[in-house]
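Q: Pasting in a structure now, in structure tokens, and then I'll have a few things to ask.
The values are calculated or read from the model by the stated rules, or taken from the named source; none is laboratory data. What you see is a predicted model; the values in this text were computed from it and never measured. Here Cβ is always computed from backbone atoms with ideal geometry, including for glycine, and neighbour counts include all displayed protein chains.
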Amino acid sequence: MRKFTYTLLMLFISSIALVAQETNDKEMIAKTLNDLETAIVENDSEKAGEILHDDVTILEGGGMETKSEYLSHHFHSDGKFLSAMNREELSQEISVEGNMAWVTSKTKMTGTYSGRDIDLSSLELAVLKKENGMWKVIALHWSSR
């Protein structure tokens, strides 16, 4: 009986540790995506480059870009656009499995850009990979209407 109680106790403690680790991972993932958005808005390509995985694929506006293509092209215009917008996060779902995570987000954006009034819903799917204790974005898909 004592062995059974000890086994149950160890299983309980292990499950608490796993839940705590998943919560910590989710917080780190949310921070990573927030840091990427900040880097884009602040036009900090060095910081964005640290967050984006070397093999990242970015899908945006009907195109597909690598890390170097994105940082030398859309990155700058994305920053100008996001800087002009009021952004309200409507939802964010983070799922983690091992060293991989995927995040779906919905954001409401309003503002004026290039002389046009903007009012749109933006969707994001981000896939992150944990390497050496750090979460890096390995795939991004943005769409809006």
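Q: Among the listed residues Val96, Val137, which satisfies the condition of being surrounded by 13 or more Cβ atoms within 10 Å (Cβ to Cβ), of a type in the set (A, V, I, L, M), touching a strand residue (DSSP E or B) at 6+ places or on another chain (Cβ under 6 Å) and at pLDDT 95 or above?
A: Among Val96, Val137, only Val137 is surrounded by 13 or more Cβ atoms within 10 Å (Cβ to Cβ), of a type in the set (A, V, I, L, M), touching a strand residue (DSSP E or B) at 6+ places or on another chain (Cβ under 6 Å) and at pLDDT 95 or above.
Q: For segment 46-126, which fully contained strands (runs of 3 or more DSSP E) count at least 1 residues that are under 15 Å from Ala139 (Cβ atoms), of a type in the set (Gly, Ala, Ser) and within 18 Å of the chain's Cα centre (by Cα)?
A: The qualifying strands (runs of 3 or more DSSP E) are 85-97, 100-113.
Q: Do we find that Leu36 is crowded, with 17+ Cβ neighbours inside 10 Å, more than 19 Å from Ile94 (Cα to Cα) and modelled with pLDDT of 95 or more in this structure?
A: Considered against the rule, which asks whether it is crowded, with 17+ Cβ neighbours inside 10 Å, more than 19 Å from Ile94 (Cα to Cα) and modelled with pLDDT of 95 or more, Leu36 comes out as no.
Q: Here's something else I'd like to know. Does segment 39-56 hold any residues that are loosely packed, with under 14 Cβ neighbours inside 10 Å and over 23 Å from Val96 (Cβ atoms), and which are they?
A: Glu42, Glu46 - these are the residues of segment 39-56 that are loosely packed, with under 14 Cβ neighbours inside 10 Å and over 23 Å from Val96 (Cβ atoms).
Q: Return the residue satisfying two criteria in turn: it lies in segment 57-86 and is in contact (Cβ under 8 Å) with a residue 40 or more places away in the chain and surrounded by 14 or more Cβ atoms within 10 Å (Cβ to Cβ), and of such residues it is farthest from Thr107 (Cα to Cα).
A: Top of the filtered list is Thr57.
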